Amino acid sequence: MKSLSDNAASVHPAEREGLRGQGFAFHDRCEDAARLVASWDTRMEHASALARTIARL
């Protein structure tokens with residue numbers, strides 16, 4: 001995963017499906033980019049779980 005801007009990242013389609021398969025949701029921006037979105041009340045354990053999962057990609 002490579003950052004494209006402050007709100008988008010380059011994500012290989014297989015990585016996207018892996019993340020979705022683990023229950024993470026995000027918006028596809030184009031074929032190789034996704035926008036990861038959080039709300040102001042996102043719980044730290046959810047953000048940490050996403051960060052750990054991304055680190056394993």
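The values are calculated or read from the model by the stated rules, or taken from the named source; none is laboratory data. Quantities reported herein were computed from a predicted structural model and do not represent experimental measurements. The accessibility values were calculated without ligands, DNA or RNA, using every heavy atom of the protein model including side chains. Shrake-Rupley method; radii C 1.70, N 1.55, O 1.52, S 1.80 Å.
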For segment 21-37, take each phi angle, set θ = phi - 60°, evaluate the Karplus expression 6.51 cos²θ - 1.76 cosθ + 1.60, and give the result in whole Hz per residue in order, putting x for glycine and proline.
x, 9, x, 8, 10, 6, 9, 6, 9, 6, 4, 10, 9, 9, 10, 8, 10
Report LEU36's accessible area, 1.4 Å probe, all protein chains in place, as a number in Å² to the nearest 10.
70
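Stretched out fully, how many nm does the piece from HIS27 to ARG43 gain, at 0.36 nm a residue minus the Cα gap? Spell out each step's value before the answer.
Working: separation 16, 0.36 × 16 = 5.76 nm, distance 1.94 nm.
Answer, rounded to one decimal: 3.8 nm.
How much of the calculated P(r) for the chain lies past 13 Å, in percent of all Cα pairs? Each step should come with its number before you reach the end.
Numbers: 964 of 1596 pairs.
Here the long-distance tail beyond 13 Å is 60 percent of all Cα pairs in the chain.
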How far is helix 44-56 tilted off the main Cα axis of the chain, in degrees rounded to 10, range 0 to 90?
40
